[in-house]
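Taken together, the values in this text are just the output of simple stated rules run on the coordinates, not laboratory data. The shown structure was predicted, so the numbers you read here are calculated from the model rather than taken from an experiment. Note that we place each Cβ from the backbone using ideal geometry, even for glycine, and neighbour counts take in every protein chain shown.
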Amino acid sequence: MKQRTIVRVQPIRFDVTKDSYPASCLIETVDDPELAEIRARKLQRLLTSASTPRPSAAEWSGPVTLTDLTFDAEVRRPGAILVDFWAEWCGPCHRVAPILEELAKARVGRMRLGKLNIDENPRTPTRFQITSIPTMLLFRDGKLVDGIVGAVPKADIEAVLNRWT
């Protein structure tokens, strides 16, 4: 059995702006010098990665495809979601879709975009009494807060989104 010795350790002071973290600072606290070297390398990698700027964690991943089954769970998630009720045969829906995606990209992290095909998912549009498409409903923290009916200009959509996001 290996005998351990207790070593009193002085507080370690180091400069995080330096390029390296000396293993000698750790040798006093561990019995194995090889282990101290490994810890020093790992700590140096952590310090380096913490100081380098990272790309934004919130990146546009595209609209969320909603169904009658997933609608409630997605809308209840915290934050805002603009739900686009559309159909494949609807020309105005196709004209407004790129505008909605552009606005959602600009508000990444503040708002999500959901798309619900009314032909494949008839229950949800019936719940909200949707009779015309495109219809965009804005939900915030699970509550319906605003809506837009028709292929309206980008400025009108922005005005609604600016009120809530």
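Ordered by packing density, taken as the mean number of other Cβ atoms within 10 Å over each peptide's residues, highest first, how do 32-45, 77-90 rank?
Most protected by this proxy first, the peptides run 77-90, 32-45.
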- Item | 19 Å tail of the calculated P(r), segment 64-164, as % of Cα pairs | 34
- Note on the structure: Cross-link reach from LYS105 to aspartates and glutamates, straight Cα distance under 20 Å and at least 8 residues apart if same chain, gives GLU59, GLU74, ASP84, ASP141, ASP146, ASP156, GLU158
- Query: LYS154: which aspartates and glutamates have alpha carbons under 13 Å from its alpha carbon, excluding same-chain residues fewer than 8 sequence positions away?
  - Reply: GLU101, GLU102
- Query: List the trypsin sites (Lys or Arg not before Pro) in segment 76-165 that DSSP assigns to loop (not H, G, I, E or B) and whose Cβ has at most 16 other Cβ atoms within 10 Å. Which are they?
  - Reply: ARG110
